[in-house]
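Structure, as structure tokens:
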Amino acid sequence: MREMRARTVVVGSGCAGLNGADTLAALGEKDLLLVTEDMNAGTSRNTGSDKQTYYKLSLSGDDADSVGEMARTLCRGDVNGDTALCEAAASAPCFLKLCGLGVPFPTNEYGEYVGYRTDHDTRRRATSAGPLTSRFMTEALEESVRRRGVPVLDRALAARIVTDDKGVAALDVYLTEEREYLRIRCANVLLCTGGPAHIYRDRVYPDSQHGMSGLAFEAGAEGANLDCWQYGLASVKFKWNLSGSYQQAVPRVFSVDERGVEREFLADALGEREAMAMTFLKGYQWPFDPRNTQGSSRVDLLVKREGDLGRRVYLDYRKNPRGFSGDAIGEEARNYLENCGALLETPLERLGKMNPPAIQLYLDHGIDLAREPLEMRVCAQHHNGGAAVDAHWQTRVPGLYVCGEAAGTFGRRRPGGTALNAAQAGSLRAANHAFRNGRTVSSSPLPFEEIRLPAGDAEAFQAEMSRCAAFERDRAGMEALLERVREALATEEKGREIPEGLKLRDLLVTQSRVLSAMLCSLAEEGEPEGVLMTDEKGSRRVPARPIPERDLWFETVWARYRAENGR
């Protein structure tokens, strides 16, 4: 087996991975390597939403805000206070770095970065560079990484994190073009592989995103809040979140059965006026909310029911929903559309007035909303849990850092857009700590053991996960699926194609941990406090770490900073 070395290896080429590599290079790390299966794949580069949100400290107007206030917003009962504080403290410098790299976040004529309110927040901390915000971020960060000369190993699928008694010792990767393994001896790994999209069939993640969270779990990392996901309506033919103005345009919602019979099932179930009001509210209340199934989450439940009955569900921008009129849609919807100058004749006209790029986006992918409806489902959209990390985004395995969506720094309810800030803040913290942690590359013998590739069909496991363990959860179904997952992991399939086998193994390892967490949380009453921790032994609830008390006296902090940084 061929070997090479790099003191620090960054795995992943999305916003988190690129920012981690860029930060390490800026700090002066010379022994650095970025590993990616495909530089142009992943969620950051290939997905977005109606107005993809970046959540940060308020930087405009007269709104009172502070690092502490933002940390308290992030630090709900199942979120650790130290990571919340770090995300708040790093939000302004990370955001302004992106602005300096050319990401087009809007300012007013005085240079203020104006904002708006997002879900689960009361302040105007959210901003956006449009539906492709994360793509712009990724492109800008990649350009900076290339400019700094960071070595990149492309077409390399991370296969295993090798550890010894001191922590991380190597990363095994499979070179997909050479069809062989390569061992990279290293002291640090920043795992930035995105959310574990491949555990579900119904998902809005792009097909190029699968995640590799199982690598961290098999290396010894714990999971945090693995039961916590966000689910929302998304188009099927081209995977995209149907939030914001896609719903606020009040399109017609209908289903089609196997005989081709159309039904406006929302109007049938809720009444015409209520159906239109709930459709509009999905633009604000887009993620499914299990605490409020009497609100617009009724739309998600009814869409799922139609699918369970074998019907396909569509949004239609060519026609108004049954009973549509300016008075019938409700006061909130009518006022909003009037303020936007969008109380027009058809949903397509309303959408075009509020958000022309939303129509062009689908045209760019061969879908003309003026000619065809959009098929949609309730899909997994974001994992709020992940690998458990400390305030430096390091797992309990020394030298193993997990950043971005693969890190478990959120719980049941996160303000919209916090994921992009967390990816930048977490990779910044990890890079700074890895650069200074003093770990060196081990030269001790590291035997190579063949990686067991399990038997089974990935699609079957994904479909069953979507059926019984998504936003509606069936205990008996999850228990049966968990048993099947464990059996598949214990069964080896000789002669299997290695890339597919490695991805299936990771899928099953991740499903086993997620299902264990879901079954644990399902047994709890109410909304428990604390972080749900999961490892190979099972799940348990532990108190969340509080927001730290910290020294804010300038002279004291300055003296410590100079001592620690040699200034």
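Looking only at the range 24-46, residues that are surrounded by fewer than 24 Cβ atoms within 10 Å (Cβ to Cβ) and more than 30 Å from Glu3 (Cα to Cα) come to 1 in all.
Within the range 141-159, being out of contact with any helix residue (DSSP H, G or I) (no Cβ under 6 Å at 6 or more places or on another chain) and either under 14 Å from Gln52 (Cα atoms) or surrounded by fewer than 22 Cβ atoms within 10 Å (Cβ to Cβ) (or both) holds for Glu143, Arg146, Arg147, Gly149, Pro151, Val152, Leu153, Asp154, Arg155.
Condition check ((1) hydroxyl-bearing (Ser, Thr, Tyr); (2) closer than 25 Å to Arg259 by Cβ; (3) in a helix (DSSP H, G or I)) across all residues:
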| position | (1), (2), (3) |
| --- | --- |
| Arg273 | no, no, yes |
| Ala277 | no, no, yes |
| Phe280 | no, no, yes |
| Tyr284 | yes, no, no |
| Asp289 | no, no, no |
| Gly295 | no, no, no |
| Val299 | no, yes, yes |
| Arg305 | no, yes, yes |
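Would you point out which residue out of Val67, Val11 is in contact with a helix residue (DSSP H, G or I) (Cβ under 9 Å, 6 or more places away or on another chain), hydrophobic (A, V, I, L, M, F, W, C) and free of Cβ contacts under 8 Å to residues at least 40 places away in the same chain? Exactly one residue qualifies, and that residue is Val67.
Any idea which residue in the range 331-366 is surrounded by the fewest Cβ atoms within 10 Å (Cβ to Cβ), counting only those that are in contact with a helix residue (DSSP H, G or I) (Cβ under 8 Å, 6 or more places away or on another chain) and of a type in the set (D, E, K, R)? Across the range 331-366, the extreme among qualifying residues is Glu332. Scanning the range 372-399 for residues that are hydrophobic (A, V, I, L, M, F, W, C) and either crowded, with 24+ Cβ neighbours inside 10 Å or closer than 16 Å to Met533 by Cα (or both) gives Val378, Cys379, Ala380, Ala387, Ala388, Val389, Trp393, Val397.
Close contacts from the range 350-362, counting a first residue that is modelled with pLDDT under 95 and a second that is hydroxyl-bearing (Ser, Thr, Tyr) and part of a helix (DSSP H, G or I), with Cβ to Cβ under 8 Å and a gap of 6+ residues or different chains, come to Met354/Ser245; Asn355/Ser245; Ala358/Ser245; Ala358/Tyr246. Condition first: surrounded by 24 or more Cβ atoms within 10 Å (Cβ to Cβ) and of a type in the set (D, E, K, R). Now tell me which residues in the range 52-77 satisfy that. If the condition is that a residue be surrounded by 24 or more Cβ atoms within 10 Å (Cβ to Cβ) and of a type in the set (D, E, K, R), then Lys56 is the only one that fits.
Going through (1) surrounded by fewer than 22 Cβ atoms within 10 Å (Cβ to Cβ); (2) under 26 Å from Pro357 (Cα atoms); (3) among the aliphatic types (A, V, I, L, M) one by one, Leu270 falls short only on (2). Checking each residue in the range 187-200 for being more than 20 Å from Leu428 (Cβ to Cβ) and either among the aliphatic types (A, V, I, L, M) or touching a Lys or Arg at 6+ places or on another chain (Cβ under 6 Å) (or both) picks out Ala197, Ile199.
Of all residues in the range 542-561, those that are at negative phi and part of a loop (DSSP other than H, G, I, E, B) have Cβ atoms under 9 Å from Cβ atoms of residues that are at pLDDT below 95 and small (Gly, Ala, Ser), 6 or more apart or on another chain, in Ala544/Gly77; Ala544/Gly411. Can we say Phe265 is modelled with pLDDT under 95, surrounded by 14 or more Cβ atoms within 10 Å (Cβ to Cβ) and closer than 30 Å to Arg412 by Cβ? In short, no.
Counting only strands (runs of 3 or more DSSP E) that sit wholly inside the range 141-227, those with at least 1 residues that are among the hydrophobic types (A, V, I, L, M, F, W, C) and over 21 Å from Asn19 (Cα atoms) are 156-164, 167-175, 180-185. I'm checking my understanding of the structure. Among residues of the range 436-463 that are part of a loop (DSSP other than H, G, I, E, B) and of a type in the set (Lys, Arg), which one is surrounded by the fewest Cβ atoms within 10 Å (Cβ to Cβ)? Taking the candidates together, the pick is Arg452. Restricting the range 478-504 to residues that are more than 21 Å from the chain's Cα centre (by Cα) and of a type in the set (Lys, Arg), the residue that is surrounded by the fewest Cβ atoms within 10 Å (Cβ to Cβ) is Lys494. Exactly one residue among Glu109, Glu69 is at negative phi and part of a helix (DSSP H, G or I), and that residue is Glu69.
Is at least one residue of the range 387-403 under 19 Å from the mean Cα position of the chain (by Cα) and of a type in the set (Phe, Trp, Tyr)? Yes: the range 387-403 contains one or more residues that are under 19 Å from the mean Cα position of the chain (by Cα) and of a type in the set (Phe, Trp, Tyr).
Of Lys56, Lys30, which residue is within 26 Å of Phe435 (Cα to Cα), out of contact with any Gly (no Cβ under 7 Å at 6 or more places or on another chain) and touching a residue at least 12 places away in the same chain (Cβ under 8 Å)? Exactly one residue qualifies, and that residue is Lys56.
The values are calculated or read from the model by the stated rules, or taken from the named source; none is laboratory data. Quick caveat: nothing in here was measured; it's all calculated off a predicted structure. Here Cβ is always computed from backbone atoms with ideal geometry, including for glycine, and neighbour counts include all displayed protein chains.
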